[in-house]
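Trainee: Following this message is one structure expressed as structure tokens.
The values are calculated or read from the model by the stated rules, or taken from the named source; none is laboratory data. Bear in mind the structure is a predicted one, so any value in this text is a computation, not a measurement. Using ideal geometry, Cβ is built from the backbone for each residue, glycine included, and neighbour counts are taken over all protein chains shown. For accessibility, only protein heavy atoms count, side chains too; no ligands or nucleic acids. Shrake-Rupley method; radii C 1.70, N 1.55, O 1.52, S 1.80 Å.
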Amino acid sequence: MRARLLLPLMLLSGCALDAGEGFAVLEPTVSASYTPLSSRDAGNGFQQLASDFQVRLDAAALGLSHVELLSAASGGSSGGGSGETFDPANPPPGYSLCHGGHCHRDDGALVSYEDIQAELNGGGGSTSSLVAALHVDAELDLLASQTLTPECEPDCELPKGTVSTAHWDVMAVRLQGAVRDHRATPRFAGERPFRLDLAVEGDEEEAEPLVELSGALDVPADREHEPRVKLALALALPPTLFDGLDWSAATPGTDGVVDLGAPENEAVRKQLLDALAALKPEAEVSREDR
């Protein structure tokens, strides 16, 4: 994973907080689930969509490599700047792995394209520093509401500051189900089975995620708050995820199944991935004394 490029591997300390070793200790969990809505129940497991299509999921999984916990930090520079135009495909020295609107800086910070351009122009900006990476390295069964307890890298102790963002890297999306048209004059007859089996190939440490998600956090690590932090990160996928998909434009294969991974269904697949990228992971935080 990308975080392994940023931080050295260290042995986990069992999340014990000793004097002077950290300002908080993290106890994280990560979960993801498909959440049908009672108001959209169309019977037989189908959910009513805003498009008048109805969708049923029979199997669903989301593959996560890791979740990065980021802390906002201020950065600046002085001088006249180089006057260069920033190109994500050819980042300036000190930056690499540019995608999703940000690049990785050599010191571990995630820096937006805008801030890098401002730096090239001689200005400054605010950056996000990587505090810890939660290694999930698994596919979560969305229909089983699976919860995992990931390991922290370099460890579960947080430095002084405030964790403000959780950044999820989705490396696989697997769906199987059926879709039908509820209109009086249907755009296609009967139920159409569909599937999506999409995953990043090759070395995940170098590959870009299929989808990147970001959720806001407010987890201060200081001497003013209880040091033990239970952080439950959760992603809910509602049926509204499918509202914007034009299922009538999806082409079934010779077996009658709509393969959303097929080239002819690229437009519908992109609609789905864009809708997934718009979801906001949530977090529940509770704190205890030592």
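Trainee: Just to verify a number: what accessible area does Lys160 come out at with the full protein assembly present, 1.4 Å probe, Å² rounded to tens?
Mentor: Using a 1.4 Å probe on the heavy atoms, I get roughly 150 Å².
Trainee: Sticking with this structure for a sec: Applying 1/(1 + (r/R0)^6) with R0 = 30 Å to the Cβ-Cβ distance of Glu191 and Ser145, what FRET efficiency is obtained, to the nearest 0.05?
Mentor: On the way: r = 26 Å, r/R0 = 0.85.
With R0 = 30 Å, the Cβ-Cβ based efficiency is 0.70.
Trainee: If you count only protein heavy atoms and use a 1.4 Å probe, how large is the accessible surface of Glu284, to the nearest 10 Å²?
Mentor: That residue has around 130 Å² of solvent-accessible surface.
Trainee: Ignoring ligands, DNA and RNA, how do Leu279, Leu260 rank by accessible area with a 1.4 Å probe, largest first?
Mentor: Working: Leu279 30, Leu260 0 Å².
The most accessible residue leads, giving Leu279, Leu260.
Trainee: With all protein chains present, how much of the accessible area of the range 166-290 (probe radius 1.4 Å) comes from carbon and sulfur, to the nearest whole percent?
Mentor: Working: 2890 of 6330 Å².
Solvent-exposed carbon and sulfur of the range 166-290 make up 46 percent of the total.
Trainee: Still on this structure, I have one more. Rounded if a/c is under 1.5, else prolate if a/b beats b/c, else oblate: with a ≥ b ≥ c from the C-alpha gyration tensor eigenvalues square-rooted, which is the range 169-272?
Mentor: Details: a/c = 3.69, a/b = 2.02, b/c = 1.82.
Since a/c reaches 1.5 and a/b is larger than b/c, the shape of the range 169-272 is classed as prolate.
Trainee: Could you grab the relative contact order for the range 159-290? Cα pairs under 8 Å, six or more apart, rounded to a whole percent. Don't jump to the answer; show the numbers that get you there.
Mentor: On the way: 215 pairs, mean separation 41.0, N = 132.
Across the range 159-290, relative contact order equals 31 percent.
Trainee: Which Cα, out of Pro159, Val219, Gln271, lies furthest along the positive dipole direction of the range 146-290 (beta carbon charges, K/R +1, D/E -1)?
Mentor: Gln271
Trainee: Using a 7 Å offset from the Cα along the Cα-to-Cβ direction at both Thr165 and Ala232, what is the distance between the two label points in nm, to one decimal?
Mentor: 2.6 nm
Trainee: Roughly how many Å² is the accessible area per residue of the range 212-261, as a whole number, for a 1.4 Å probe?
Mentor: Working: 2060 Å² over 50 residues.
Value for the range 212-261: 41 Å² per residue.
Trainee: Work out the FRET efficiency for Thr29 and Asp243 from their Cβ-Cβ distance, taking R0 = 22 Å, and round it to the nearest 0.05. Don't jump to the answer; show the numbers that get you there.
Mentor: Details: r = 29 Å, r/R0 = 1.32.
Plugging the Cβ-Cβ distance into 1/(1 + (r/R0)^6) gives 0.15.
Trainee: Separate question: Full extension from Ala89 to Asp255: what is 0.36 nm times the residue separation minus their Cα-Cα distance, to one decimal in nm? Walk me through the numbers on the way to the answer.
Mentor: Values: separation 166, 0.36 × 166 = 59.76 nm, distance 4.03 nm.
Stretched fully, the Ala89-Asp255 segment lengthens by 55.7 nm.
Trainee: While we're looking at this one, here's another question. Count the net charge of all other residues whose Cβ sits under 11 Å from the Cβ of Val111, scoring Lys and Arg as +1 and Asp and Glu as -1. Before the final figure, lay out the partial values.
Mentor: On the way: positive: Arg105; negative: Asp106, Asp107, Glu114, Asp115, Glu119.
Result for the neighbourhood of Val111: -4.
Trainee: Given a 1.4 Å probe, how much area per residue of the range 124-204 is accessible, in Å²? If you can, show how the numbers build up before the last one.
Mentor: On the way: 3690 Å² over 81 residues.
About 46 Å² of surface per residue is accessible.
Trainee: Also, quick follow-up: Could you pull the accessible area for Leu130 with a 1.4 Å probe, rounded to 10 Å²?
Mentor: Solvent-accessible area, nearest 10 Å²: 20 Å².
Trainee: Using a 1.4 Å probe and counting only protein heavy atoms, arrange Val170, Val200 so the residue with the most accessible area comes first.
Mentor: Numbers: Val170 0, Val200 30 Å².
Per-residue accessible area, sorted high to low, gives Val200, Val170.
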